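So the structure is just underneath, and the comments pick up after that.
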Amino acid sequence: MPDDMIPKLRTPDLPKPGPRRPLSRHEYAELFLAQMGKCFHCGARLAKGNVIDEHLVPRESLTADKCDDLENRKLFCKPCAKAKTVGDAAIVAKTRRLTGGRGSQYAKRQARGGSSIKGRGFQKRPDGATSWPKRSFGRKA
């Protein structure tokens, strides 16, 4: 089979997002006022020390220039943020697998130089013939 017919590993052409950019005081106040001081998920009143800003769409599944936009961020109370993070874990893991990111089995295998499992090859006939005789499994040919 020619090399051009072998399917390539599908990786999105998205630049990987860098480190998470924290909200500035102005952005935090803008989100707080837009949400009227309530949790985006459950609607409970947000108290100091009980607030976490979350990305609605996980950062890993967006382009680097869109991942930290203010439209993608909302304020959550800590219990809601924890539940959302647990729910997003599968999406983040799949995105990392597809893009060859941190923890990707494909990336680890390529770093080692390929698969460590080698085939046995084809069994050779002792008399030097090129093919084995056909088996009839008890039927007359």
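A few remarks follow.
- Residues (surrounded by fewer than 14 Cβ atoms within 10 Å (Cβ to Cβ), basic (K, R) and modelled with pLDDT of 90 or more) located in the stretch 79-97: K82
- Qualifying residue in the stretch 60-72 (condition: surrounded by 13 or more Cβ atoms within 10 Å (Cβ to Cβ), on the phi < 0 side of the Ramachandran plot, of a type in the set (A, V, I, L, M, F, W, C) and in contact with a strand residue (DSSP E or B) (Cβ under 9 Å, 6 or more places away or on another chain)): yes
Residues checked against (1) modelled with pLDDT under 95; (2) aliphatic (A, V, I, L, M):
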{"residue": "D13", "(1), (2)": "yes, no"}
{"residue": "L23", "(1), (2)": "yes, yes"}
{"residue": "H41", "(1), (2)": "yes, no"}
{"residue": "K48", "(1), (2)": "yes, no"}
{"residue": "V57", "(1), (2)": "yes, yes"}
{"residue": "K66", "(1), (2)": "yes, no"}
{"residue": "F76", "(1), (2)": "no, no"}
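- Those residues of the stretch 31-45 which are without any contact (Cβ under 8 Å) to a residue 12 or more places away in the chain and assigned to a loop (DSSP other than H, G, I, E, B), in sequence order: M36, G37, G43
- K48 being part of a loop (DSSP other than H, G, I, E, B), free of Cβ contacts under 8 Å to residues at least 12 places away in the same chain, loosely packed, with under 12 Cβ neighbours inside 10 Å and on the phi < 0 side of the Ramachandran plot: yes
- Condition met for L23 (aliphatic (A, V, I, L, M) and assigned to a loop (DSSP other than H, G, I, E, B)): yes
The values are calculated or read from the model by the stated rules, or taken from the named source; none is laboratory data. Keep in mind the model is a prediction, meaning the values are calculated, not measured. All Cβ positions, glycine included, derive from the backbone under ideal geometry; neighbour counts span all protein chains shown.
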